[in-house]
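Only one structure is covered here, and it is reproduced in the block below.
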Amino acid sequence: MSFIRHVGKVGDRKVAIIFREVPGESHMCLIVYTELLNRHIHDALMNCIESDIGQSSENLADALHRSYTQEGKIILHVLHSENLLKKMQTELVVMTPTPTTKIKLSELNKILDEMKQGEEAVRRLAELDASQGLQDPVDVARRMRGPTAQSGALDDALLAQQRLDQAEKMEREANGLIAEAKRLRDEATSLNPSVNKKPTKAKKVKHVA
């Protein structure tokens, strides 16, 4: 079952998580209630979330800043100008990357923070992914508060996995950029079919003396 990042719920209402943490307020995040969006914004937002660029971005805002509505407006700017961005406590946001996976954003942020601090957290998060996530966030917290990894050199298998994960991330980003370039080229062609036609070079005429 594939995971979809940046989606969750506040109560029974579906939300998209734009920033996992508000700068200077780690207990707060920035969300959008997707059910309140007009169709032209909603469809563009969901397409961005599901795209390679959206899924490879640490914060959805990074991808939304590079994605556009059908009217050619930057999605993030539209959400901001129409006051659709809402601050919310991370404790109240439940991430739903799959229909059967639920974890509080506050707990997820703790896990991701530990990933940055040590490779042991990376291994534990991989275990969570392999088990399709844990239903009870309390259980997630209990596992994440386990024994601290001892210092030492990483073994070759873990280093190889890190390189593979990094390569796959770069490949996803590259594919996303290629897809975005194709979309823009197609839009340009639909607006002006002649835009892709290369000018023909004039043939040189030989003058006979």
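Read-outs throughout are calculated quantities, based only on the coordinates presented, and are distinct from any laboratory measurement. Everything numeric here is computed off the predicted structure, so don't read it as measured data. When we count neighbours, we look across all protein chains shown, and the Cβ atoms used for this are built from the backbone with ideal geometry, even at glycine.
Extension gain, residue 175 to residue 50, is 43.7 nm, computed as 0.36 nm per intervening residue step minus the present C-alpha separation. Taking packing as the residue-averaged number of other Cβ atoms within 10 angstrom, the listed peptides 70-80, 173-183, 84-94 run from highest to lowest as 84-94, 70-80, 173-183. Using the Karplus relation 6.51 cos²θ - 1.76 cosθ + 1.60 with θ = phi - 60°, the per-residue 3J(HN,Hα) values for the stretch 83-93 come to 6, 9, 7, 10, 7, 8, 5, 4, 5, 8, 9 Hz, with x marking Gly and Pro. Taking other C-beta atoms within 10 Å as the exposure proxy, 39, 13, 20 rank 39, 13, 20 from fewest upward. Among the listed pairs 9/182; 73/169; 73/116; 116/182; 87/182; 14/169, those whose Cα-Cα separation exceeds 31 Å are 9/182; 73/116; 116/182; 87/182.
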